[in-house]
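The values are calculated or read from the model by the stated rules, or taken from the named source; none is laboratory data. From a predicted model like this one, the values you see are computed outputs, not experimental measurements. As a convention, Cβ positions derive from the backbone with ideal geometry for all residues, glycine included, and neighbour counts pool all protein chains shown.
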Amino acid sequence: MLNRIKEMGPLRNGLHGVALTFAMLMPFARGPEYSATWDLFFGGILPALGPIVVILIGLDIMMSSIYRTDAEGDEVARLTLIIRAHWVIGALLLGAWLAVFLPVLL
C-alpha cells in the first residue's frame, strides 16, 4: 500500500494531503467574518481554496487520462490508480464543501 502511494509522486501526494486536510477542516468553516485571527482562514481562505483544489484534482484526472491512452502495461495500472484516488479524494473534498456551503448558497 505504501509503495502504491509512493508511486503516485510527491506532488500528487501533496495535493491529496491538502485536499484531505481541507475536507477535515471544512466543518469548522463559517460565514465571512474577516478579521486578523484564525477566523480569516476558516471564513475566507478555506471556503475559497476548497473548490480550487477540486478543480486542480479534476485537471490532473484529465491529464492522467490523456497519458493513459498512450501508456502500456504497468504505467496504465499506475495511472488508473491515480485517477481512482483522485476521484475519491476530490469527491470527499467537494462533499465536505457542499455540506457546509450549500445551505448558505441556497
Worksheet item: Considering only segment 53-75, how many residues are of a type in the set (A, V, I, L, M, F, W, C) and either closer than 13 Å to Arg12 by Cβ or modelled with pLDDT under 95 (or both)?
Response: 7
Worksheet item: assigned to a loop (DSSP other than H, G, I, E, B), hydrophobic (A, V, I, L, M, F, W, C), out of contact with any Pro (no Cβ under 8 Å at 6 or more places or on another chain) and loosely packed, with under 14 Cβ neighbours inside 10 Å - does that describe any residue in segment 94-102?
Response: no
Worksheet item: Restricting the first residue to segment 70-81 and requiring it to be in contact (Cβ under 8 Å) with a residue 12 or more places away in the chain, which pairs with a second residue that is of a type in the set (S, T, N, Q) and part of a helix (DSSP H, G or I) meet a Cβ separation below 7 Å and a spacing of at least six or different chains?
Response: Leu79/Ser64
Item to complete: Output the qualifying pairs, or none if there are none: Cβ atoms under 9 angstrom, residues six or more apart or on different chains, first residue in segment 8-20 and over 14 Å from Leu94 (Cα atoms), second residue of a type in the set (Lys, Arg) and at pLDDT below 95.
Response: Met8/Arg78; Asn13/Lys6
Worksheet item: Could you count how many residues in segment 65-101 are over 21 Å from Thr21 (Cβ atoms) and more than 15 Å from the chain's Cα centre (by Cα)?
Response: 17
